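Chemist: Questions regarding the structure given below will be posed in turn.
The values are calculated or read from the model by the stated rules, or taken from the named source; none is laboratory data. Given the structure is predicted, the values throughout are model-derived calculations rather than measurements. Please note: Cβ atoms are built from the backbone with ideal geometry, for glycine as well, and neighbour counts cover all protein chains shown. Areas reflect the complete protein model, heavy atoms only, side chains present, ligands, DNA and RNA absent. Shrake-Rupley method; radii C 1.70, N 1.55, O 1.52, S 1.80 Å.
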Amino acid sequence: RVVGTVNSPAGEPLAQVTVKAAPATTASGIPNEAMVGTPYQPSTQTDSTGTFTLTIDPGYYDFSLIFPDKYKYPNVTFQDVIVSESMDTPLRFLAPNPAMIRVVVQDTAGQPLPAMELRAFGIASDCPLEGECSVPAQLLSTARTDAAGAAVLILP
């Protein structure tokens with residue numbers, strides 16, 4: 001059993017945050033071989049005190065936090081978190097300080113494109129800018145353009 005909390009950058013507990021655990025993709029140690037290649041990713045949501053509980057095997061995990069829109073924090077992944085059988089201290093994850101990018105999407109004639117879905121992804125620092133990478137990209141934020149083609153993306 002893994003117990004942990006999710007807090008804002010100022011330390012306030014954050015409720016309704018989805019917490020997913022996946023076998024680590026960049027672990028420097030030995031990953032949990034029993035779970036490598038399996039599509040199963042245990043997940044849960046934080047309660048009103050920002051606390052979550054997951055039942056997972058010992059090993060190296062990447063913990064992804066998916067924030068509800070009301071918080072205006074980008075999704076984030078904490079990589080290579082060690083989970084052991086004798087964990088005495090709860091995990092503690094802090095939401096990243098957000099930044100906003102305002103964009104306007106236009107066609108080649110300069111006309112706004114409404115109702116376009118925008119997605120911002122983060123890639124692992126050890127992935128090349130071109131070509132293949134074995135570490136999946138992390139969805140950070142989504143937004144939809146308004147009638148003027150404008151949208152705001154929340155990024156770390």
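Chemist: So, for the stretch 1-151, what is the accessible surface per residue at a probe of 1.4 Å, expressed in square angstrom?
Modeler: Roughly 60 Å² per residue, with all protein chains present.
Chemist: Right, something else. Please report the accessible area of V83 (heavy atoms, 1.4 Å probe, ligands and nucleic acids excluded) in Å², nearest 10.
Modeler: Rounded to the nearest 10, that gives 10 Å².
Chemist: For the chain, max minus min Cα coordinate along each principal axis, in Å, sorted largest first?
Modeler: Taking the Cα atoms of the chain, the three principal extents are 61, 40, 23 Å.
Chemist: Describe numerically, in nm with one decimal, the distance between label points set 7 Å from Cα along Cα→Cβ at V3 and at N97.
Modeler: 3.2 nm
Chemist: With a cut-off of at most 15 other beta carbons within 10 Å, and DSSP calling the residue loop, which trypsin sites (Lys or Arg not before Pro) in the stretch 64-107 qualify? Please list them.
Modeler: Passing sites in the stretch 64-107 are K72.
Chemist: Can you compute the modelled spin-label distance between A137 and L113, with each label point 7 Å from Cα toward Cβ, in nm?
Modeler: Result for the modelled spin labels: 1.5 nm.
Chemist: I would also like to ask the following. What percent does the relative contact order of the chain come to when contacts are Cα pairs within less than 8 Å and at least six residues apart?
Modeler: In percent, rounded to a whole number, it is 24.
Chemist: A follow-up question, please. Test of the criteria: in the stretch 68-156, which GluC sites (Glu not before Pro) are in a DSSP loop and have at most 13 other Cβ atoms within 10 angstrom of their Cβ?
Modeler: E85, E130, E132
Chemist: M116 accessible area, nearest 10 Å², 1.4 Å probe?
Modeler: Approximately 80 Å² for this residue.
Chemist: Keeping the other protein chains in place, figure out the carbon and sulfur percent of the accessible area of the chain, with a 1.4 Å probe.
Modeler: For the chain, the apolar C and S fraction of the accessible surface comes to 52 percent.
Chemist: Okay, next question. To the nearest 0.05, how large is the calculated FRET efficiency for E85 and E130 if R₀ is 35 Å and r is the Cβ-Cβ distance?
Modeler: Computed FRET efficiency for E85 and E130 comes out at 0.25.
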